[in-house]
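Notes follow once the structure below has been shown.
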């Protein structure tokens, strides 16, 4: 399957999700109308009220599920972190940009120092994960203090290359785009490797 066909497949699935939710809401409305006007009589008016309450609860659950995707993939605030700009630490930003270039990724637009012994990159996806957005790197101060420059470069390159995959509410690129990118990288590395690896 080509990249365009996979992208079209992802788009059809995303649109189909919204259409399915809308069709369920319309079907529930029609069934409610038929039950109230055709089945329940004036003596059994409580039945119509029960149907409306149950349908209302189900409709709220469907709408909540449909609109959960709207806020998915947004980067929130970073508590207990210090923002570091390129003008603040130009050498660190140079290492971050070089690591992203080696990993074949875009460099992050934001860099935050955190107290954890961790490094990671997150990305704010747009259009339900089909388009990439701004990237943010979180870098632990203990890593900066405890690693040599070559080891820090390795950690930065690894963090740049392994951007988390977004599903429901996470941040990162869409699963299809990320999977294709990683498969392409792996294929390039296998073809570039010497044949005499033992």
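Coordinate-derived values only; no laboratory data. Owing to the predicted nature of the structure, the values given are computational and were not obtained by experimental measurement. Note that we place each Cβ from the backbone using ideal geometry, even for glycine, and neighbour counts take in every protein chain shown.
Contour minus end-to-end for residue 112 and residue 20, with contour as 0.36 nm per residue of separation and end-to-end as the Cα-Cα distance? Each step should come with its number before you reach the end.
Working: separation 92, 0.36 × 92 = 33.12 nm, distance 4.03 nm.
Contour length minus Cα-Cα distance gives 29.1 nm.
The order of the peptides 78-91, 8-21, 99-112 by mean Cβ neighbours within 10 Å, most packed first, is 99-112, 8-21, 78-91.
In the range 3-67 the Cα-Cα distances spread across 5 Å bins starting at 0 as 3, 16, 19, 16, 12, 10, 8, 6, 4, 3, 1, 1, 0 percent of all pairs. Annotation: for a label point projected 7 angstrom from Cα along Cα→Cβ of residue 77, residues of the range 93-123 with backbone N closer than 20 Å are 110-116, 122-123. Gain on full extension, evaluated as 0.36 nm per residue between residue 91 and residue 37 minus their Cα-Cα distance, stands at 12.1 nm.
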